[in-house]
Amino acid sequence: MTTQKTDVITNNIINRFAQTIEMFDLSPLEARLFAYLFIADKPTTLDEMAQAVGKSKTSMSTNIRTLLERGLVTQVWRKGERKDLYQVHTPLFKIFMNAYMKKCLDTTSHHLLSLEKLKNERLEESDCSPQIKTEKLNEIIRFHKQLQHMFKNMDISDN
């Protein structure tokens, strides 16, 4: 197989994988960068990423920071190397599901706090209109608590 055809196939694999990774709330560039790092299967510098992805080193720095914050990549050290190196965490399913579950937990917890605050404000209002019955609001709050409990206790195995 020619090098050009191999490059096209590799690029297509990276693109398809990146599209799947975008489902986990990554930007297209963050997803493409992650896919590239996964395929590279070795610690990679910002310069190497920029060249492979076709974006600036500054852009790579910004996007790698997001991947670091989400725990999808790590910064590594290699003897004799002066530049920062980055590599992907594995296993894939576990890291992405954990990141997704954390986002769901954070969102659910935020909404739960807001709903409880609204419930307290509603109870303090003496002339509150009965458009939303107290039992319905309590049911909504229970639903959020159940979601919160589920997300906290979900075990994402490597299988």
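The values are calculated or read from the model by the stated rules, or taken from the named source; none is laboratory data. Since the structure is predicted, the reported quantities are computational estimates derived from the model, not experimental observations. Neighbour counts are summed over all protein chains in view; Cβ atoms, including those assigned to glycine, are modelled from backbone coordinates with ideal geometry.
The table that follows gives values for the structure above.
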{"quantity": "So Gln75, is it surrounded by 11 or more Cβ atoms within 10 Å (Cβ to Cβ), assigned by TED's automatic domain parsing to the domain that holds Asp7 and over 22 Å from the mean Cα position of the chain (by Cα)", "calculated": "no"}
{"quantity": "Residue that is modelled with the lowest pLDDT [pool: residues in the stretch 109-159 that are in a helix (DSSP H, G or I) and of a type in the set (Val, Ile, Thr)]", "calculated": "Thr134"}
{"quantity": "Residue that is under 12 Å from Phe34 (Cα atoms) and of a type in the set (D, E, K, R), where the choices are Arg70, Arg82", "calculated": "Arg70"}
{"quantity": "Members of the stretch 84-108 that are among the polar types (S, T, N, Q), at pLDDT 85 or above and closer than 30 Å to Asp41 by Cα", "calculated": "Gln87"}
{"quantity": "Given (1) more than 30 Å from Met150 (Cβ to Cβ); (2) out of contact with any strand residue (DSSP E or B) (no Cβ under 6 Å at 6 or more places or on another chain); (3) hydrophobic (A, V, I, L, M, F, W, C), number of the condition Leu37 does not satisfy", "calculated": "(2)"}
{"quantity": "Selection count where residues are hydroxyl-bearing (Ser, Thr, Tyr), closer than 20 Å to Met97 by Cα and in a helix (DSSP H, G or I), scope the stretch 25-68", "calculated": "2"}
{"quantity": "Only listed residue being under 17 Å from the mean Cα position of the chain (by Cα) and at pLDDT below 95, chosen from Glu69, Glu81", "calculated": "Glu69"}
{"quantity": "Flag if Lys5 is of a type in the set (Lys, Arg), closer than 25 Å to Val76 by Cα and free of Cβ contacts under 8 Å to residues at least 60 places away in the same chain", "calculated": "no"}
{"quantity": "Count of the stretch 39-72 residues which are buried (at least 20 other Cβ atoms within 10 Å of the Cβ) and under 19 Å from Phe93 (Cα atoms)", "calculated": "3"}
